[in-house]
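Student: Encoded as structure tokens, here's the structure I'll be asking about.
Please treat every number below as a calculation from the coordinates, not as lab data. A quick note: this is a predicted structure, and the numbers were derived from the prediction, not measured. Here the Cβ is made from the backbone with ideal geometry for all residues, glycine too, and neighbour counts use every protein chain on show.
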Amino acid sequence: MKEIAIIGGGVAGMTAAVYALRANAKVTMFEQYGLGGLVATIDKIENFPSYQSVEGWKLAQDLAKQAKDLGLNVLRKKVVSLTRCEGGFAVDTGAEKYIFPAVVVATGTSHNKLGFENDYVGRGVSYCATCDGNFYKNRPVLVAGDGGVAVSEALYLADVCSHVYVAVSGGAFTAEAKAVSDLLSRDNVSALYNTRVTGIVGDGEVRGAQIYCGKALGTLDVDGIFVATGSKPVTDFIEIDGVLQKNGYLTVDARCQTSVKGLFAAGDVTDGTLKQIVTACSDGAKAGSFAAAYSATVDRN
Ligand SMILES: Cc1cc2nc3c(=O)[nH]c(=O)nc-3n(C[C@H](O)[C@H](O)[C@H](O)COP(=O)(O)OP(=O)(O)OC[C@H]3O[C@@H](n4cnc5c(N)ncnc54)[C@H](O)[C@@H]3O)c2cc1C
């Protein structure tokens, strides 16, 4: 019998589920929140093949329906530990422990912090423009970051806010050229190069940002600070020797299997270089298919 667990219900996990279910496997998915992951928070996606433009929640909803219609069993639980055991792997949610012959880890990443913003999270500091951008309608904001996520956040905010400053730590953005030129063509966007955000000016609510620009310290009057300075993999619950890199990412082979047989990984949590929806889906397809096939080879008696 084929049976697998998938930890994480973003696009990587849901695609793994679709492929495993179509291969006749029984699939249990552990997802701490609702299905969708990061995709559900993206305003517009313009680089997913076959769609000129699609809203993130729509893509997430369609994929979730596809997987559920195939018979996906979703447990809305956070996995607190993943260990090896007789018969495969033990997935522990704190309250219960489950054993599976094969597991796909698709837990994505969590955003980096600036380091000094904790008191202002939800009081002017945000990590998600689509979620919180509307609170800053017609008000000035700052985005910290220079990659694709920072550009995408800034583009969303440019439609909503009076002015969007983008603090780019180096001399140039590291995002896709087309997205950067779209952003820089906006009248209400200013890119501040060689600029780091070093502190918050506030009285319980954000009133401004301290910035270090070139060799000078300065202050920007903004009502919101959106942090988009990269992310780290969510793998702290994995208690299996030798599968994590020093930076916490999971290394996988061409079948999306880790160095431990039966343990697969897909999407942003892997050390793949391009962290996008299409690559997460591609990983999910491989991990789901090969995990299902592997599970049939495990003697569970
Ligand atoms: C603002 C922004 C804009 C983007 N725009 C684009 C774009 O236009 N085009 C594009 O291709 N890509 C875009 N991306 C990248 C894309 O969203 C990601 O590459 C992709 O969604 C990764 O999917 P994933 O399934 O690997 O991870 P995620 O979507 O992060 O899903 C991981 C899931 O695992 C769950 N989870 C984590 N830990 C646990 C646990 N212990 N127990 C249970 N569940 C757990 C989480 O709750 C989450 O639902 C964007 C990203 C951001 C942040």
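Student: Tell me, what HN-Hα J-couplings in whole Hz come from the Karplus equation 6.51 cos²θ - 1.76 cosθ + 1.60 at θ = phi - 60° for each residue of the stretch 157-167, using x for Gly and Pro?
Tutor: Each residue's phi maps through the Karplus curve to give 5, 4, 7, 10, 9, 5, 8, 10, 8, 10, 8 Hz.
Student: Could you compute the net charge surrounding A287? Neighbours are other residues with a C-beta less than 12 Å from the C-beta of A287; K and R count +1, D and E count -1.
Tutor: Surrounding charge for A287 is 0.
Student: Now for a separate question. If the viscosity is 0.890 mPa s and the temperature 25 °C, what Stokes-Einstein diffusion coefficient in µm²/s follows for the stretch 113-227 when Rh is the Kirkwood radius over Cα pairs?
Tutor: Reported coefficient: 179 µm²/s.
Student: Still on this structure, I have one more. Can you figure out the FRET efficiency of N247 with D187, using R₀ = 30 Å and their beta-carbon distance, to the nearest 0.05? Present the calculation step by step, with values, prior to reporting the outcome.
Tutor: Working: r = 39 Å, r/R0 = 1.30.
Efficiency at R0 = 30 Å is approximately 0.15.
Student: Moving to a separate point now. With an 8 Å Cα cut-off and a minimum separation of 6 or more residues, compute the relative contact order for the chain in percent.
Tutor: 23 percent
Student: Rounded, prolate or oblate: which one fits the stretch 1-83, using the alpha carbon gyration tensor with axes a ≥ b ≥ c (rounded when a/c is under 1.5, else prolate when a/b beats b/c, else oblate)? Could the numbers behind the result be given before it?
Tutor: Values: a/c = 2.50, a/b = 1.52, b/c = 1.64.
It comes out oblate by the Cα gyration axes.
Student: Same structure again: Sorting check: for 97-104, 84-91, 135-142, which peptide has the highest mean count of neighbouring beta carbons within 10 Å, and how do the rest follow?
Tutor: Per-residue Cβ counts within 10 Å, averaged per peptide and sorted highest first, yield 97-104, 135-142, 84-91.
Student: Once every Cα of the chain carries one equal point scatterer and solvent is ignored, give the base-10 log of I(q)/I(0) from the Debye formula at q = 0.09, 0.12 Å⁻¹, two decimals.
Tutor: -0.49, -0.80
Student: Read phi for every residue in the stretch 244-259 and hand back ³J(HN,Hα) as whole Hz from Karplus 6.51 cos²θ - 1.76 cosθ + 1.60, θ = phi - 60°, with x for Gly and Pro.
Tutor: With the stated coefficients, the stretch 244-259 comes to 9, 6, 4, 7, x, 6, 9, 8, 10, 9, 5, 9, 6, 9, 7, 6 Hz.
Student: When DSSP assigns beta bridges and you keep just the ones with both residues in the chain, what percent turn out antiparallel, to the nearest 5?
Tutor: That works out to approximately 45 percent antiparallel.
Student: Right, here's the next one. Which one, A179, A291, G214, is farthest towards the positive end of the dipole of the chain when Lys and Arg carry +1 and Asp and Glu -1 on their Cβ?
Tutor: A291
Student: Can you list residues from other chains, or at least 5 along the same chain, whose modelled amide H is less than 5 Å from the amide H of G199?
Tutor: Under 5 Å from the amide H of G199 lie the amide H atoms of Q210, each far enough along the sequence or on another chain.
Student: Would you please give the FRET efficiency between D119 and N24, computed as 1/(1 + (r/R0)^6) with r the Cβ-Cβ distance and R0 = 51 Å, to the nearest 0.05? All intermediate terms of the calculation are to be shown ahead of the outcome.
Tutor: Numbers: r = 52 Å, r/R0 = 1.02.
For D119 and N24, the calculated efficiency is 0.50.
Student: Please give the charge dipole size of the stretch 205-301, origin at the Cα centre, charges +1 on K and R Cβ atoms and -1 on D and E Cβ atoms. Round to the nearest 20 debye. Show your work: numbers first, answer last.
Tutor: Numbers: 9 positive and 11 negative charges, 51 e Å.
Charge dipole, the stretch 205-301, about its Cα centre: 240 debye, nearest 20.
Student: While we're here: Please check which bits of the stretch 12-54 a label hung off A95 would reach, taking the label as a point 7 Å along Cα-to-C-beta and the cut-off as backbone N under 20 Å.
Tutor: Counting only backbone N, you get 28-35.
Student: For a Förster distance of 51 Å, can you work out the FRET efficiency between the beta-carbons of V278 and E86, rounded to the nearest 0.05?
Tutor: About 0.85, to the nearest 0.05.
Student: Now for a different question. If you take every residue apart from F173 with its C-beta less than 13 Å away from the C-beta of F173, what net charge results, scoring Lys and Arg +1 and Asp and Glu -1?
Tutor: Here the count lands on -3.
Student: Could you give the nm distance between label points at A216 and S53, where each point is 7 Å from its Cα heading toward the beta carbon?
Tutor: That separation, rounded to one decimal, is 3.9 nm.
Student: State to the nearest 20 debye the size of the charge dipole of the stretch 104-261 about its Cα centre, where the only charges are +1 on K and R beta carbons and -1 on D and E beta carbons.
Tutor: Once rounded to the nearest 20, the dipole reads 260 debye.
Student: Report, in whole Å, the centroid distance computed from the Cα atoms of the stretch 275-300 and the stretch 182-238.
Tutor: Here the answer is 38 Å between Cα centres.
Student: Pick from D268, D43, D236: which residue has the top mean-square fluctuation in a GNM of the chain where Cα pairs under 10 Å get a spring?
Tutor: D236
Student: In whole Hz, what ³J(HN,Hα) sequence does the stretch 201-208 give by Karplus (6.51, -1.76, 1.60; θ = phi - 60°), x for Gly and Pro?
Tutor: 9, x, 10, x, 10, 5, 10, x
Student: Another question about this same structure. Excluding L274 itself, calculate the net charge of residues whose Cβ lies under 12 Å from the Cβ of L274, where each Lys or Arg counts +1 and each Asp or Glu counts -1.
Tutor: -3
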